[in-house]
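Since the structure comes first, as structure tokens, the remarks are kept for the end.
The values are calculated or read from the model by the stated rules, or taken from the named source; none is laboratory data. Source: prediction; values computed, not measured. Every residue, glycine as well, gets a Cβ built from its backbone with ideal geometry; the counts of neighbours run over all protein chains shown. All accessible areas refer to the heavy atoms of the entire protein, side chains included, with ligands and DNA or RNA removed. Shrake-Rupley method; radii C 1.70, N 1.55, O 1.52, S 1.80 Å.
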Amino acid sequence: MDITLFTNISSKQQTQYYFNSNTNTKHHDQPIMIINANNDQDQTAILLDTTMQSSNHNLPPLPPLPLPLPTASTSLSPDSALAAAATEQAAAGKWAPRLLKECAKAISDKDSTKIHHLLWILNELASPYGDCDQKLASYFLQALFCKATDSGLRCYRTLTSVADKTRSFDCARRLILKFQEVSPWTTFGHVASNGAILEALDGETKLHIIDISNTLCTQWPTLLEALATRNDETPRLKLTVVVTAATVVGGGGGGSVMKEITQRMEKFARLMGVPFEFKVVSELRRLGELTREGLGVQDDEAVAVNCVGALRRAEVEDREAAMRAFRSLNPRIVTVVEEEADFTATRENFVGCFEECLRFYTLYFEMLEESFPATSNEKLMLERECSRGIVRVLACDDHDQDQDQDHDHQEMDQDPEGDRNNSSSNNNKISNCCRTTWDCSERREKGKQWSERLKRASFWPVGYSDDVLDDVKALLKRYPSGWGLIHQQQQQQQSQAIVGEDHRQQEQQEGQLLLHDDDDDSSSTSASAGIYLTWKEEPVVWASAWKP
């Protein structure tokens, strides 16, 4: 029997508890939930992982998760019935989605007895080091607990703070490059966007790319290579990077990160023989604040705007303003890449949003499981990256996000005069400001929804050429089986097939022949512009190109 020391943290007192852990070996690495039954609403529990001290992982331990404890009247205690239920669920196979959905419904229904029962079962089965079900249970359990106890924003801040302190630029860059090596999840959008940009700006001598992405400029070496091998005169490229929270890593050291990126990009451009200028913009609070003057756009420059994973970080209400700002830049082309999930339409419906979130991250975790070795530290880091997004979407209400932004903006505006000359302090303030305005939402939308927003902002889709599609297909062949591509023509054919099947069923039911109207464009309007990366035939990433 292991004796593990836990510390209970309270705003009023600190008390140490000893917990006798007799967990069976099958689940020896599960997080242990310590619950102290009392009437002090300020008491918090810590979820700790018993394997962190003894495992061989080179990663920093998961941060302690502060969670309010139930009162004495609702205190929990693991009993034989719960243990038996946990064992039964584990033996059922693919148990996590079922249990997690039941728990989400119980939270929505405010059924406290069922909530406590399911949380205990999930806690018995969950593990960040187990199979896919155990990992899903581990990370979604965290979000469900935060939702049930109204502690989502506090948990999110803790997770973000710890992540900032334990990662560096080199670590983040290696992680991104390793992910690109084993999976086309990010490189798919890079290849599609680069191809569309090169074709749209073909023949121009002065190019200006506005880069709004979260990949530490790993997209651009291939584009510089392509420019260097053009038959005509090599154009001059200006790359302006709009810094988001995802690119400010290393504990707020945004300045040092971008300095490192600048040096690497300028060195590579010299090697390629491409005239190159690099600029960073980090003062913006919202994408809608983008202007030609602020970005240094010149009249003789051909402009392209590149958005990779950036629009979902903007508040839902600010997204169309951002697209109008893009249009004001008078770009030749706007490329947009986003993950295919809808956390927006259902944001007022917790169960619906939970199910969509679970669907998306189940695909993502299964993809990671098949792409990386079982003991990969990079896989574990990517899975942990998901934890903040899951908590933010499921456990942080929109009014919490507004309060978070106001808090950090006041901190930025009220910076003492003594700190204004301190670059480290300013970098920290910029990092916090960027995070609350860019990383506050994480409310993804599907390609169809983004297409509708872009069209309302007077953008029109640009089809990918056969050459670009061939490049994307060649990219997918470099990876193991399971990946696929769907483009607009295929979407329309699939949609027409579905419409045709519906008509045939209706004809059979009514006993009469109905002819399909070829002029009916319902199938084409239901399909979004752009192309999709699929994993096991499920769309997971959407890439598109637009012109004003």
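Can you name the residue in the stretch 125-163 that is outside any helix (DSSP H, G or I) and over 15 Å from residue 385 (Cα atoms) and is also most open to solvent (accessible area, probe 1.4 Å) among such residues? Before the answer, list the steps.
The initial filter retains those residues of the stretch 125-163 that are outside any helix (DSSP H, G or I), namely 126-131, 150-151.
Now narrow it down to the ones that are over 15 Å from residue 385 (Cα atoms): 126-127, 130-131, 150-151.
Working: 126: 1, 127: 1, 130: 18, 131: 79, 150: 139, 151: 3 Å².
Per the criteria, the residue is 150.
Here is a check on your reading of the model: is residue 183 within 25 Å of residue 340 (Cβ to Cβ) and open to solvent by less than 20 Å² (accessible area, probe 1.4 Å)? Steps first, answer last, please.
Numbers: within 25 Å of residue 340 (Cβ to Cβ): yes; open to solvent by less than 20 Å² (accessible area, probe 1.4 Å): yes.
Yes: the conditions hold for residue 183.
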Worksheet item: In the stretch 350-362, which residues are closer than 19 Å to residue 483 by Cβ and either in contact with a Ser or Thr (Cβ under 9 Å, 6 or more places away or on another chain) or buried (at least 19 other Cβ atoms within 10 Å of the Cβ) (or both)?
Response: 360, 361, 362
Worksheet entry | Unmet criterion (only one of (1) among the hydrophobic types (A, V, I, L, M, F, W, C); (2) over 24 Å from residue 336 (Cβ atoms); (3) open to solvent by 20 Å² or more (accessible area, probe 1.4 Å)) for residue 177 | (2)
Fill in: Top-ranked residue of the stretch 298-329 - restricted to ones that are under 19 Å from residue 279 (Cα atoms) and open to solvent by 10 Å² or more (accessible area, probe 1.4 Å), ranked as nearest to the chain's Cα centre (by Cα)
308
Worksheet item: Does the stretch 393-408 contain at least one residue that is at pLDDT below 95, of a type in the set (Val, Ile, Thr) and open to solvent by less than 10 Å² (accessible area, probe 1.4 Å)?
Response: yes
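Do the conditions hold for residue 103, that is, is it of a type in the set (A, V, I, L, M, F, W, C), open to solvent by 10 Å² or more (accessible area, probe 1.4 Å) and under 21 Å from residue 388 (Cα atoms)? Even if it seems obvious, please write down each step before you answer.
Working: of a type in the set (A, V, I, L, M, F, W, C): yes; open to solvent by 10 Å² or more (accessible area, probe 1.4 Å): no; under 21 Å from residue 388 (Cα atoms): yes.
Considered against the rule, which asks whether it is of a type in the set (A, V, I, L, M, F, W, C), open to solvent by 10 Å² or more (accessible area, probe 1.4 Å) and under 21 Å from residue 388 (Cα atoms), residue 103 comes out as no.
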Worksheet item: out of contact with any strand residue (DSSP E or B) (no Cβ under 7 Å at 6 or more places or on another chain) and open to solvent by less than 10 Å² (accessible area, probe 1.4 Å): does that describe residue 341?
Response: yes
Fill in: Of all residues making up the stretch 272-296, the number that are in contact with a strand residue (DSSP E or B) (Cβ under 7 Å, 6 or more places away or on another chain), open to solvent by 20 Å² or more (accessible area, probe 1.4 Å) and of a type in the set (A, V, I, L, M, F, W, C)
4
Fill in: Any pair with Cβ under 7 angstrom, 6 or more apart, that starts in the stretch 309-336 at a residue that is free of Cβ contacts under 8 Å to residues at least 24 places away in the same chain and closer than 12 Å to residue 458 by Cα and ends at one that is part of a helix (DSSP H, G or I) and of a type in the set (Val, Ile, Thr)
none
Item to complete: Check the stretch 462-477 and report whether any residue there is buried (at least 21 other Cβ atoms within 10 Å of the Cβ), of a type outside the set (Val, Ile, Thr) and either at pLDDT below 90 or assigned to a helix (DSSP H, G or I) (or both).
Response: no
Practice prompt. Select, from 528, 481, the only residue that is part of a loop (DSSP other than H, G, I, E, B), open to solvent by less than 60 Å² (accessible area, probe 1.4 Å) and either closer than 25 Å to residue 332 by Cα or modelled with pLDDT under 95 (or both).
Written response: 528
Worksheet item: Is one or more of the residues making up the stretch 167-188 modelled with pLDDT of 95 or more, outside the structural domain of residue 305 (by the TED database) and among the aliphatic types (A, V, I, L, M)?
Response: yes
